[in-house]
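The values are calculated or read from the model by the stated rules, or taken from the named source; none is laboratory data. All figures in this text were calculated on a predicted structure; none of them were measured in a lab. Cβ placement follows ideal geometry from the backbone for every residue including glycine, while neighbour counts extend to all protein chains displayed. Side chains are part of the model used for accessible areas, which takes the heavy atoms of the whole protein and leaves out ligands, DNA and RNA. Shrake-Rupley method; radii C 1.70, N 1.55, O 1.52, S 1.80 Å.
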2 protein chains.
Amino acid sequence: MKVAILGIGAWGTALAKLLADRGDEIWVWGHDAALVHQVQSSGRNELFLPGIDLPKTIRYETDLARTVQASELVVLGVASRFVRDLVPALGDLRSIVVSVTKGIDYESGLTMSGILANAMPRARVAALSGPTLALEVARGIPTAIVAASQDPGTANAVQRAFHRPVFRVYTSADVLGVELGGALKNVVAIAAGVCDGLGFGDNSKAALVTRGIAEMRRLGTACGAQPETFSGLSGLGDLTVTCFSRLSRNRGFGERLGRGEPASAILASMASVAEGVPTAKSARSLARRLGVPIPIIEEVYAMVHEGKDVRRAVIDITSRESKPED
Amino acid sequence: MKVAILGIGAWGTALAKLLADRGDEIWVWGHDAALVHQVQSSGRNELFLPGIDLPKTIRYETDLARTVQASELVVLGVASRFVRDLVPALGDLRSIVVSVTKGIDYESGLTMSGILANAMPRARVAALSGPTLALEVARGIPTAIVAASQDPGTANAVQRAFHRPVFRVYTSADVLGVELGGALKNVVAIAAGVCDGLGFGDNSKAALVTRGIAEMRRLGTACGAQPETFSGLSGLGDLTVTCFSRLSRNRGFGERLGRGEPASAILASMASVAEGVPTAKSARSLARRLGVPIPIIEEVYAMVHEGKDVRRAVIDITSRESKPED
């Protein structure tokens, strides 16, 4: 079958490599023509997946319509801020459309699959999310992930398309919970990175992960997600890897923030976006609308968008009054 | 007040340093006279807490009765295998007795506070557990922990005794859940270390943490603990730090196992015990008695106690049939 992967960042490229082993026709679309041509000519995506040789059978494109046309499976893997503009250009697809983008739209409060479902009501929409550092997937290191769709047949089809011995795909019907877990953990990971940058160590981060997953579950449940989803791979699993791995972009962004660099300067120097930055804004807006307390997300918002002193913010997260655990 | 700390390992020493700042009389007892004298004369515990200067007000003892006599607070911090022999020697204490030892007694299936409560019915028994790498606590890095007792007054008294601006103590009435979290996470951490030793990366460990906490909750709940305790600092928090931190002994033991060293050789070379090794045996016995499936603990038991091939064991943990997430 023909598979269209939209986005030539780390994750889109890693998934292209993963899917290229069965003889399917894998097309990768990128917006940045220079990058597309460079990957095409070198057989590597050095900017996002350094050191990884890509299968020669992958096709690269800058024409969106040609990429998507007649694809049975479309993978949406661009940064969240491009999704709202990109989706209408895809037309009224009827294929399986899987979002691997982690974010929340600020205006609507929708997750990426929500935007897809609204824009293309006949598509079979799903999300694929979990603790999946792209570079480790590209290296063939064992990984597990969740394919989620309101329609069980679609979730199963996505599972069949992506499942490999070293890439185990589980299914879920709670697409909202799976996507909110993937989006919100990036915000908590910024706080974890700040702990690293301040030299606060692993005890602090473990406490942050514990409070962070409770906060994610609280907000997610208020949005209509299932609470237990946040205990799974796409919630707790993804939060853990993002808070502790050296390879995590959002943790790395927070670490530099913790060392005293201004947010704007860090963002300007990064090849790819730290999704936790826009997600902090969307999640805060969502939580205020729903009346859900989100102390960690509030402090990350204040650090990133209002220039709050990072040491003060982390102390404000950790030094709440001692009381029975909630 | 007089505080007796039993055990001169990393954790006992770090807690002595923490408690010595308020003018209380801190006594540290150790079984190993040579180590006790060395710490006393040098003002450092280089074996277990390298580079940390200890307050000069701490008293060191090798006489157990003298240490415990007239103490208002006794902290049990010896390795779990010594607890069953040590406890009767303490006599029928009426003070607060806090276990900071993480383990499960093989014969009885009891946690450490259970052994204490049986042996000294008039003592006010509690447990103190959470994501607390001793070296980070000794360095004054922000840390959070849980004081648990069936008696709320005792939990509050322990909280007051230990709480500091950089060492935040929360309370819980679920002492069994708090202790089982602390004990069982050491077993899962061995599996996480094996992943590291095999070069399996952070995606694998995140999946393991996710499945591990579910397994810990399942076994703990069958023992009578509260399920939500495993989502707190003493469950998830401690599991996370132990699986990801370079400083974790149990993870480190697993890493060497993953690189091919035999368990017996690693244990012989370690200054302190990897508690996950005996706990794997106790937990497996407990789970079999209760009929609870514990695939991760079973595989760790097989690797450590039966010499099962580590790559085979980790594959057996991770490659179970793909299915809806449970």
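Taking helices (runs of 4 or more DSSP H) that do not extend beyond segment B:224-295, which have at least 3 residues that are within 14 Å of chain A (Cβ to nearest Cβ)?
Per the criteria, B:238-244, B:249-258.
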**Request:** Residues that are open to solvent by less than 10 Å² (accessible area, probe 1.4 Å) and out of contact with any His (no Cβ under 7 Å at 6 or more places or on another chain): find the strands (runs of 3 or more DSSP E) completely inside segment B:1-109 holding 2 or more of those.
**Result:** B:2-6, B:25-29, B:73-76, B:96-99
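Considering each of A:Pro262, A:Pro295, A:Pro278 in turn, give the residue that is open to solvent by 10 Å² or more (accessible area, probe 1.4 Å), touching a residue at least 12 places away in the same chain (Cβ under 8 Å) and in contact with a Ser or Thr (Cβ under 8 Å, 6 or more places away or on another chain). Walk me through how you get there before you give the answer.
Numbers: A:Pro262 fails: in contact with a Ser or Thr (Cβ under 8 Å, 6 or more places away or on another chain); A:Pro295 fails: in contact with a Ser or Thr (Cβ under 8 Å, 6 or more places away or on another chain).
After ruling out the rest, the residue left standing is A:Pro278.
Somewhere in segment A:307-315, is a residue farther than 23 Å from B:Gly201 by Cβ and touching a Cys at 6+ places or on another chain (Cβ under 7 Å)?
Step one: of segment A:307-315, the residues farther than 23 Å from B:Gly201 by Cβ are A:307-315.
Within this subset, residues satisfying the condition of being touching a Cys at 6+ places or on another chain (Cβ under 7 Å) are A:314.
Taking every residue of segment A:307-315 in turn, at least one turns out to be farther than 23 Å from B:Gly201 by Cβ and touching a Cys at 6+ places or on another chain (Cβ under 7 Å).
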**Message:** Going by what's in this entry, would B:Ala313 be described as in contact (Cβ under 8 Å) with a residue 12 or more places away in the chain and surrounded by 19 or more Cβ atoms within 10 Å (Cβ to Cβ)?
**Reply:** yes
**Prompt:** Consider B:Asp92 against the criteria (1) farther than 28 Å from B:Val304 by Cα; (2) within 9 Å of chain A (Cβ to nearest Cβ): it satisfies all of them except one. Which criterion is unmet?
**Reply:** (2)
**Item:** From the options A:Leu35, A:Leu90, A:Leu76, residue that is among the aliphatic types (A, V, I, L, M) and over 24 Å from A:Ser129 (Cβ atoms)
**Value:** A:Leu35
**Request:** Note down all Cβ pairs under 6 Å where the first residue falls in segment B:60-85 and is closer than 20 Å to B:Asp105 by Cα, the second is part of a loop (DSSP other than H, G, I, E, B) and at pLDDT below 95, and they're at least six residues apart or on different chains.
**Result:** B:Ala79/B:Val273
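Taking the stated definitions as given, is A:Gly212 closer than 26 Å to B:Asp196 by Cβ, more than 9 Å from every other protein chain (Cβ to nearest Cβ) and open to solvent by less than 10 Å² (accessible area, probe 1.4 Å)? Before the answer, list the steps.
Numbers: closer than 26 Å to B:Asp196 by Cβ: yes; more than 9 Å from every other protein chain (Cβ to nearest Cβ): yes; open to solvent by less than 10 Å² (accessible area, probe 1.4 Å): yes.
Spelling it out, A:Gly212 is indeed closer than 26 Å to B:Asp196 by Cβ, more than 9 Å from every other protein chain (Cβ to nearest Cβ) and open to solvent by less than 10 Å² (accessible area, probe 1.4 Å).
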**Prompt:** Can you name the condition, by its number, that B:Asn118 falls short on among (1) in contact (Cβ under 8 Å) with a residue 12 or more places away in the chain; (2) more than 19 Å from the chain's Cα centre (by Cα)?
**Reply:** (1)
